[in-house]
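Shown next, in structure tokens, is the structure this report addresses.
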There are 2 protein chains.
Amino acid sequence: MAGKRAVTRSSLPEVIANDLRERILSGELAEGETIRQEALAEEYAVSRMPIREALKRLDAEGLVQFTNNRGASVTKHSLREIAEIFDLRILLEVDLFRRAIPAMTAQDFTRCTQILDDMDASYDANDVAKWGALNHKYHSALYAAADRKLTNEVLQGISLHSDRFIRMHLSVMQQREPAKKEHRDLLDLAHARDVEGACTALAHHISRTKEELLSLVAEHRATADS
Amino acid sequence: MAGKRAVTRSSLPEVIANDLRERILSGELAEGETIRQEALAEEYAVSRMPIREALKRLDAEGLVQFTNNRGASVTKHSLREIAEIFDLRILLEVDLFRRAIPAMTAQDFTRCTQILDDMDASYDANDVAKWGALNHKYHSALYAAADRKLTNEVLQGISLHSDRFIRMHLSVMQQREPAKKEHRDLLDLAHARDVEGACTALAHHISRTKEELLSLVAEHRATADS
DNA sequence: CAGCCGGTTTTTGTATCCAAAACCCGGGCT
DNA sequence: AGCCCGGGTTTTGGATACAAAAACCGGCTG
């Protein structure tokens, strides 16, 4: 148990930002909801200042929006923007994958396989939060060999948003078994060093997720009136 | 003169962040330089708090780095990361351009031409800051027809960094007249609706800039020891 | 003489406090 | 009766003040 390496490795605004991010991603804080700084301050038993910094950070990440002197509210994306998020993912992930595949080692493959196993487990266990985290981990592992720090950071920033919608509708999407297989196929194609095949498969995989999610969100919003 | 539309359209941290950003981009604040909050606070005649928020924002943009309790310092990119910045630009800009070209209207073309004229003027006048701003404007105008808000935002974030290095060495690069012509060629190809030709031209244009800049930065760093 | 340890100083991080701007509601005017 | 205007309340934004962590320097000891 050498876990707690650094005594207080994260500053107060950071842990608050992490928690708030999780709350937004999990849907506990709904789209468009206005955020009252003082309420959060009391809830976390700190002053309003760390809260402000945390919100500013989330604002930079695009999860909340600051309006002049009217405070912060959870961002709400249009269907069009959601589609764009996924298109960006395709663009970036395919590029990363293409660069990564020739450089992937046996270690990379075993690591990816392991994460996939964990993912399936949490998927079946209905542990949405864990699945989301593992999903990120899997993708990072897939593209680790590309050794592109900056691109990965940008991708993470974008994936945040896509994850929000995926998790929002994961319960419904669980019926889509093919996703599991597609994940495995990607790894197999990479292992066979079939760069183009793997890339098109990845593009299709994300694209299918996009289409499916778009219809789900559209349906959801239609019923929710809003 | 209907300029000052909104009375106080920008908050204090915002104007400070803008100014600091400009100072970093212009090279007034050198790479790796540590930033003393109190010094800036006195300089801007405000308290340390707006400064902190501004720095946090720049941190989110990647222009400065926060270390635990040791404050902020201007980020310094490795040659490898600089190359990655330009590769990302290629990826994003080509995608935007491809989507934009079929949708570009006469208005778009005239607007682009006009900006190009201004750019040439500031280029010849050696006005580096203005040239940078216009460069941004030109690219935004080129991709405006794509109507991809999010992608453009991401691109802006990345271009910030590339601009930093371009402006750092613009005085040397002025000898490279071909860049002017390339800019015009891009517009002509787009006007002819030659999507693939325009995209490859754009990719080559950015790629050439990248190569040239990389050697300049490498040279600069070699002489500056550091 | 070098390395380590402790006190001092600087610098950051957080809290409390005050001012300014935005919303809400009621009253007056057209 | 409806609309506009003004005071009260709420909420954010900024300043000052305080505590904690880190760097720095000097002295001590092996």
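The values are calculated or read from the model by the stated rules, or taken from the named source; none is laboratory data. Since we're looking at a predicted model, the values are computed, not measured. Glycine also receives a Cβ, built like all others from the backbone with ideal geometry; neighbour counts cover every protein chain displayed. Heavy atoms of the whole protein, side chains included, go into the accessibility calculation; ligands, DNA and RNA do not. Shrake-Rupley method; radii C 1.70, N 1.55, O 1.52, S 1.80 Å.
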**Q.** Length-normalised contact order for chain B - Cα pairs under 8 Å, 6+ apart - percent
**A.** 24
Q: Report, to the nearest 10°, how far helix A:79-100 tilts away from the longest principal axis of the Cα atoms in chain A, using its own Cα long axis and a range of 0 to 90°.
A: 40
(Q) With angles folded into 0 to 90 degrees, how steeply does helix A:195-223 sit against the dominant principal axis of chain A? Use alpha carbons for both and round to 10. (A) 40
Q. Rounded to the nearest 100 Å², what is the sum over both chains of accessible area buried where B meets A, with a probe of 1.4 Å?
A. 2400
Q) Cα to Cα, under 19 Å, and not fewer than 8 places away if on the same chain: which lysines meet these conditions relative to B:K130? A) B:K180
Q) At 222 nm, what helix-only mean residue ellipticity would the protein assembly as shown give, in deg cm²/dmol to the nearest 500, using -39500 (n - 2.57) for each DSSP H run of four or more? A) -23500 deg cm²/dmol
**Q.** Inter-label distance, nm, simple model (7 Å from Cα along the C-beta direction), B:A45/A:L214
**A.** 5.3
(Q) Just to confirm my numbers, what's the Cα centroid distance between the stretch B:33-112 and the stretch A:192-210 in Å? (A) 31
Q | For the stretch B:139-168, residues shielded by at least 20 square angstrom of accessible area compared with the chain on its own, probe 1.4 Å | A | B:D147, B:R148, B:K149, B:L150, B:T151, B:V154
**Q.** Average accessible area per residue (Å²) across chain B - probe 1.4 Å, nucleic acids and ligands excluded
**A.** 50
Q. If packing is taken as the mean number of other Cβ atoms within 10 Å per residue, what is the order of A:23-33, B:87-97, B:57-67, highest first?
A. B:87-97, B:57-67, A:23-33
Q. Mind listing P(r) for the protein assembly as shown? All alpha-carbon pairs, 20 Å bins, whole percents.
A. 21, 56, 23, 0
Q | Per-selection metrics, the stretch B:79-223 (Cα): Rg and Dmax in Å | A | 14.6, 48
Q: Taking the rotation that carries B onto A, look along its axis and tell me which residue of B has the beta carbon nearest to it, distance in whole angstrom.
A: B:A60, 2
(Q) What does the copy distance list look like for A:V172, label position 7 Å along Cα→Cβ, in nm and ordered from shortest? (A) 5.6
Q. So if we plug the beta-carbon distance of B:N68 and B:A125 into 1/(1 + (r/R0)^6) with R0 = 35 Å, what FRET efficiency do we get, rounded to 0.05?
A. 0.20
Q) Once the Cα atoms of helix A:106-124 and of chain A are each reduced to a long axis, what angle between those two axes, in degrees from 0 to 90 to the nearest 10, is obtained? A) 60
Q) Which shape class, rounded, prolate or oblate, goes with the stretch B:12-74 when its Cα gyration tensor gives a ≥ b ≥ c as root eigenvalues, a/c under 1.5 marks rounded, and past that a/b bigger than b/c marks prolate? A) rounded
Q) Which of the pairs A:K210/B:K181; A:K181/B:K149; A:K76/A:K210 have their Cα atoms more than 29 Å apart in this structure? A) A:K210/B:K181; A:K181/B:K149
**Q.** Highest-MSF residue in chain A out of A:Y44, A:Y123, A:Y143 [GNM, Cα springs under 10 Å]
**A.** A:Y44
Q) Using the alpha carbon gyration tensor of the stretch A:52-133, what are the three equivalent-ellipsoid semi-axes (square root of 5 times each eigenvalue), largest first, in whole Å? A) 33, 19, 14
Q: In nm, give the distance between the simple-model label positions of A:E31 and B:E22, each being 7 Å from the Cα along the Cα-to-Cβ direction.
A: 3.8
